[in-house]
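Quick notes on the structure that follows.
The values are calculated or read from the model by the stated rules, or taken from the named source; none is laboratory data. Bear in mind the structure is a predicted one, so any value in this text is a computation, not a measurement. We place every Cβ from the backbone using ideal geometry, glycine too, and count neighbours over all the protein chains shown. All accessible areas refer to the heavy atoms of the entire protein, side chains included, with ligands and DNA or RNA removed. Shrake-Rupley method; radii C 1.70, N 1.55, O 1.52, S 1.80 Å.
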Amino acid sequence: MELEVRHLRALCAIADSGSLHKAARQLGMSQPSLTTQLRRIEHALGGQLFARERTGCRPTPLGRVVLSRARPLVTEMRALVTETMAAAARATEGPRLRIGSTASRAIPGWLRKLRVRLPGTEISLQMDVSANALLRMVADGQLDVAFVHEVEGSPLRLPETLRRRVLLGREPQFVSVAADHPAARHPVVSLRDLADDRWMVDPTVDGEWDGLRRVLTAAGLNPPVLHGDYLTAASLVASGEVVTLCQPTSRGRADMAVRPLAGDPLGVRLLAAARTDDELDAVYGELEAAYWEAARQAPAYAEWLLRAGETRAAATGTLVPSSR
């Protein structure tokens, strides 16, 4: 068997994720197929490249040698394909902008502002619950820019070839509860107010389940947790079946309330990533404006931002004008 770039890419994915299961998901293949491919690669090279342990996979000394040569080759091949595809697209299709994003209330405003500033540009949108998957798509040339969130305590795997710009260093995560939940009567909710509730989380969102688990454990809580997508979660929250974490830009409804959590126990970092600074410059201003527009339209978040601004002003002795 002759080694190909796809084989080297598979080795890098296994090393980066530390797991055959996670690597297979990243590569869009089944775990048994990846396991078989790894065995063939190891047979071709004459030695074991990864030690399989109960907690995952780690490179052997031979594996580290192979990875040290494989990574630059994979990076160069990715750059070659990306630059060639971009040149071909410009020549035949005209200007285009391929955006990727995790869920965000800023997306509609961002697209609207970009279409105003870039008339004639074909703008496409790729949504994904996995920030890491979107970042890989940018690195591979499948997307031009990605707007993603990084859950506190679960750092993203940002490819070395990408440039990044942090929109917000720490966005607090709020909680969504039924409108008739007792906690909805308070402007700020303590985790203790939700001690008797079931929670719901989407485990496919990078870092979200780990983040919620850390927060609940730190609060001394061990509630039942259901797994499901955002749409299902919203329906169950409204019916009083569960409570769930939500972005602060979320807006309440007649049957659902959005509230800050006391002490802001969990936050995420919001960032945009592209292959070049020029690509970031082309979209970042509109993204920033769209995010803060969405923030102002979310009553609970707008109030939280006002309180946070007043707290900082008191600490620094600076006067912050009130928007009330």
Per-pair calculated FRET efficiency, R0 = 35 Å: Arg64 and Thr276 via Cβ, rounded to 0.05: 0.70
Virtual spin-label span in nm between Glu53 and Gln297, 7 Å along Cα→Cβ: 4.8 nm
R0 of 30 Å, Cβ-Cβ distance Met77-Ser33: FRET efficiency to nearest 0.05: 0.90
Potential lengthening between Asp180 and Val129 on full extension [0.36 nm per residue; Cα-Cα distance subtracted]: 15.4 nm
Extension gain from Glu160 to Arg251, taking 0.36 nm per residue of separation minus the Cα-Cα distance: 29.2 nm
Taking N as its residue count, the alpha carbon Rg of the chain over 2.2 N^0.38 Å: 1.14
Accessible-area composition of the chain, carbon plus sulfur, in percent [1.4 Å probe]: 53 percent
Residues of the range 241-309: accessible area per residue with a 1.4 Å probe, Å²: 38 Å²
Contact order relative to length of the chain, as percent, for alpha carbon pairs under 8 angstrom and 6 or more apart: 19 percent
Around Val283: net Lys/Arg minus Asp/Glu count, Cβ-Cβ under 15 Å: +2
Accessible-area value, Met127, 1.4 Å probe, nucleic acids and ligands omitted, Å²: 90 Å²
Lys/Arg +1, Asp/Glu -1 at C-beta; the range 1-129 dipole; positive extreme among Gly18, Met127, Leu80: Met127
Rounded if a/c under 1.5, otherwise prolate or oblate - the range 69-190, Cα gyration tensor axes: oblate
Mean Kyte hydropathy of 0.0 or more with a Cα span along the axis of at least 27 Å, helices from DSSP in the chain: 61-93
Accessible area of the range 66-148 divided out per residue, in Å², using a probe of 1.4 angstrom: 50 Å²
Near-label residues of the range 129-147 by backbone N, under 17 Å of a point 7 Å along Cα→Cβ of Ser19: 129-134
Amide H contacts of Gln126 (H built 1.01 Å from N, under 5 Å, at least 5 apart or other chain): Ile99, Gly100, Ser101
